[in-house]
Amino acid sequence: MTDNILTLLSSRHASQRPDAPALAGQDEQERWYDISWREFDRQINMAARALASLGVKPADCVGTFSANRPENLVTDFACYRNRAISVSIYATSSPEQVAYIVNDASIAVLFAGNSTQYHFAREAMRQCPSLKQIIVIKPIETDEDDDTTMLWSDFIKLGEDSDRSIADEVEKRTAEARPTDIATLVYTSGTTGEPKGAMLTHANYDAALDAHRTALSMLSTDDVSMAFLPLSHIFEKGFTYVCLMMGIKVAVNRDPRAIQDTIKEVRPTCMCAVPRFWEKVYTAVLDKIASMNPVSRAMVRAALRIGHRRNLDYVRHGLKAPFWLERSYRFVDRRIFSKLRGAIGIDRPNIFPTAGAPVSPEIVEFFHSAGLWIMVGYGLSETTATVTCFRQIDYEIGSVGQPLPTVNIKIGDNSEVLVKGPTVMTGYYNKPEATAEAFTADGWFRTGDAGYIDKEGSLFLTDRIKDLFKTSNGKYIAPQMIEARLGTDKFIEQVAIIGDSRKFVSALIVPNFGSLREWAANNGIPSTSDEELLKHQSVHDMMEARLEKLQKGLAPYEKIKRFTLLPHEFTMDNGELTNTLKIKRRVINSRYADLIEAMYS
C-alpha cells in the first residue's frame, strides 16, 4: 500500500466519515450542493478506471483546462490513483498557451470546462499530435465532425462499465505508487519568457502537507474553505489539498467575478486570496466608514484603535490583554467588527492566507484590528507553494513570515532569497538547462526574489530581482513595493511603475472608474465618456494630490514625478497580465512606449 498522502486521501476519509461533506459545488443554476466523502471517492475511482480505459499509463500527463469545478479535483486524484501526472491549465489561457502546454507535456487526454475551452482544445488538437481525447465537463453540443470528444457523464460511465481487469490494474498502480512519482506539473506564468512546468513529486506534496499540518494547527473539521483562486495556481491547489487532508469541506467557487455573492452564501472560515482581493475589500470598507455620520465614524475609529491595541500589541505576542482592554474589545467586536465581517461575508473567521504579491502593512493591521486574521505568506510553484508564513504569535507586520518546518532559506548574491528543503521541485519538465540555472552549485533554489531576513528569522521581500531597476542617477527602485502602496487607494485600479534607466520614476495608472465617476459627479465635472473624464485638469490634480499622500515616507528618488491615466485596464486577453494577474513589464513598456516617452520629453 502506498504511503503517498494524496493517492488514497479520499479513500481514508470515505472509510472514516463517509457522509461528511468533502466538497460543495454549484450546479448550472448556481445553486450550491454538497458532495460527501463517499461520493467524492466513488467519482475518483470511476474516473481513475475511465482514464485507464482510455490508455492513460503511469507517468503520462493528463490536462485539465477549466475554471474551478469539483470535477477538477476528481481528475487530479484519479491521476494519482493511476500514477499519472496532473497538469492544470488556467481557464483564461489563450489557444496558443494551451497548445504550448499540451505539446510540452505530451498530453493525450485533456479535460475542458465549458464550450469556449472545448473549442480552444479542438484548436489545440490540430497543432498537438499527442492530444487524442477531449472530455468536456459542462454538458454542451460538440461539433458535428468531432469523434474525439466525450462528455463528463459518459466519461464516468466508461469507468462504471469497465471490466474487472481495469479495476485490478488501477488498484495495482495505486499500490505501486511511490513518493518519487511526479504528481503535478505546475506551469509558471511566464512573465519573462515561455512557461516552464515545475515537476512536483508526491514527496514534495507529502512534505508540504505535513508541514502545514503543524503550521495550520488552528484549522479543524469545523472549518469551511472557499476555493476562490484558480485551482491551477499552486497557492489554491496546495491550500485545497491541505484542507482536504484535514477533512475540511471545500466550497469550489466557479466564477471569481461572483465572489462577493458566493462568499456571503458559503460564509467560509478560511480562504486563500491574493492581496488585490483584500485591497478591494479595504477600500470598500473605508468608503463605507467615510459615508457615516460623524458620531458613527468616530465610534468605528475608536473601535479600530481598541482592536489594534488588543490584537496587535497583546494577542500577536501571545500576551493576555488587560481586563479593561479585553472587555472593551469584546464590546466593539460585538457591536462593530461583527457587522463589518458579516457585510463582507466572513462572520466566522479563522485564518485567511494571503500571498502572490506584496501586501500593504496598513491593510494587514486594519483587518487584524477588526478580528480578521490575514495570514501573510510567500511561496512559488517551484516550492510546492509555501516557503514562509505568519506564525500564530510573534509574527512581524511587513514581513512574509518565517519558514515552514523543514524549509530552509538564506540570502544569496544580489540579495536573492534562496530555498532548500523537501518541498522544492525536482526541476522543470523537459528543460534541463533551465533547471540547472534555477539552482546554485550547492543545491539551493534561486527564487528570483530579493529580500532580507531579520534577527527574529522573519523574511522581508523587497521585489522581484528582474523587476528591480536603476534610474539614470544610479538609484535602485522596487516597483512592486510602490505599486502595492498605490493599490490601497480607492481611485486606483492598476498601476505600472516606469523608470528603468530614466531620470525619474513615472507611472501608468488605470483609475477605478466607479469611484472616479462618483467623485466627478459630486464635484460637478461633466463627461460623456471615461476618456473625456481623464482629460479634465481637476481629475489630474486630484490624483496628483492622492499620489503625494500615498507616497509619504518614500525617498525623493522613489516618488512618482509624472503619471499618465489610462482609459482601460491591463488584461490577460491583450497579453499585458499573466494568468496570475502579474504585470508583464516588457509588454507594458513596449505597448505604451509613446505615452512613456511623452512623460520624459
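The values are calculated or read from the model by the stated rules, or taken from the named source; none is laboratory data. Computed from a predicted structure; not experimentally measured. Using ideal geometry, Cβ is built from the backbone for each residue, glycine included, and neighbour counts are taken over all protein chains shown. Protein only, heavy atoms only, side chains kept; ligands, DNA and RNA dropped before computing areas. Shrake-Rupley method; radii C 1.70, N 1.55, O 1.52, S 1.80 Å.
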Would you pick out the residues in segment 387-414 that are open to solvent by 30 Å² or more (accessible area, probe 1.4 Å), in a loop (DSSP other than H, G, I, E, B) and out of contact with any His (no Cβ under 7 Å at 6 or more places or on another chain)? Arg391, Gln392, Glu396, Ile397, Gly398, Pro405, Thr406
Residue that is closer than 24 Å to Thr462 by Cα and at pLDDT 90 or above, where the choices are Ala545, Ala484, Ala496: Ala496
Residue under question is Ala436, and the condition is that it be open to solvent by less than 40 Å² (accessible area, probe 1.4 Å) and either small (Gly, Ala, Ser) or at pLDDT 95 or above (or both); does it hold? no
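Does at least one position in segment 248-260 carry a residue that is open to solvent by 20 Å² or more (accessible area, probe 1.4 Å) and under 13 Å from the mean Cα position of the chain (by Cα)?
As a first pass, look at segment 248-260 and keep what is open to solvent by 20 Å² or more (accessible area, probe 1.4 Å): 249, 254-258, 260.
Still in the running and under 13 Å from the mean Cα position of the chain (by Cα): 256.
Yes.
Take segment 218-262 and flag every residue that is polar (S, T, N, Q) and under 20 Å from Ala343 (Cβ atoms).
We begin by selecting, within segment 218-262, every residue polar (S, T, N, Q); these are 220-221, 225, 232, 240, 253, 260, 262.
Answer for segment 218-262, where residues must be polar (S, T, N, Q) and under 20 Å from Ala343 (Cβ atoms): Asn253, Gln260, Thr262.
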Does Ile596 satisfy the condition of being assigned to a helix (DSSP H, G or I) and at pLDDT 90 or above? yes
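Please note which helices (runs of 4 or more DSSP H) are completely contained in segment 463-564 and include at least 2 residues that are of a type in the set (Lys, Arg) and either open to solvent by 50 Å² or more (accessible area, probe 1.4 Å) or touching a Ser or Thr at 6+ places or on another chain (Cβ under 6 Å) (or both).
On the way: elements: 479-486, 513-522, 530-534, 537-550.
Passing ranges, in order: 537-550.
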Breaking point among (1) in contact with a strand residue (DSSP E or B) (Cβ under 7 Å, 6 or more places away or on another chain); (2) within 26 Å of Thr188 (Cβ to Cβ); (3) assigned to a loop (DSSP other than H, G, I, E, B), for Ser130: (1)
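Quick grid of which residues meet (1) open to solvent by 50 Å² or more (accessible area, probe 1.4 Å); (2) of a type in the set (Val, Ile, Thr); (3) in a helix (DSSP H, G or I):
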| residue | (1), (2), (3) |
| --- | --- |
| Val87 | no, yes, no |
| Ala91 | no, no, no |
| Thr116 | yes, yes, yes |
| Ala121 | no, no, yes |
| Ala124 | no, no, yes |
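Which of the following residues is at pLDDT below 95, open to solvent by 50 Å² or more (accessible area, probe 1.4 Å) and over 25 Å from the mean Cα position of the chain (by Cα): Gln16, Gln29?
On the way: Gln16 fails: at pLDDT below 95.
That would be Gln29, the only listed residue that is at pLDDT below 95, open to solvent by 50 Å² or more (accessible area, probe 1.4 Å) and over 25 Å from the mean Cα position of the chain (by Cα).
In segment 569-586, which residues are of a type outside the set (Gly, Ala, Ser), over 13 Å from Ile498 (Cβ atoms) and open to solvent by less than 80 Å² (accessible area, probe 1.4 Å)? So that I can check it myself, show each step before the final result.
Taking segment 569-586 first, the residues of a type outside the set (Gly, Ala, Ser) are 569-574, 576-586.
Still in the list and also over 13 Å from Ile498 (Cβ atoms): 569-574, 576-582, 584.
If the condition is that a residue be of a type outside the set (Gly, Ala, Ser), over 13 Å from Ile498 (Cβ atoms) and open to solvent by less than 80 Å² (accessible area, probe 1.4 Å), then Phe570, Thr571, Met572, Asn574, Glu576, Leu577, Thr578, Asn579, Thr580, Lys582, Lys584 are the ones that fit.
Under 30 Å from the mean Cα position of the chain (by Cα) and at pLDDT below 95, is that true of Pro139? Spell out how you get there, then give the answer.
Numbers: under 30 Å from the mean Cα position of the chain (by Cα): yes; at pLDDT below 95: yes.
Criteria met by Pro139.
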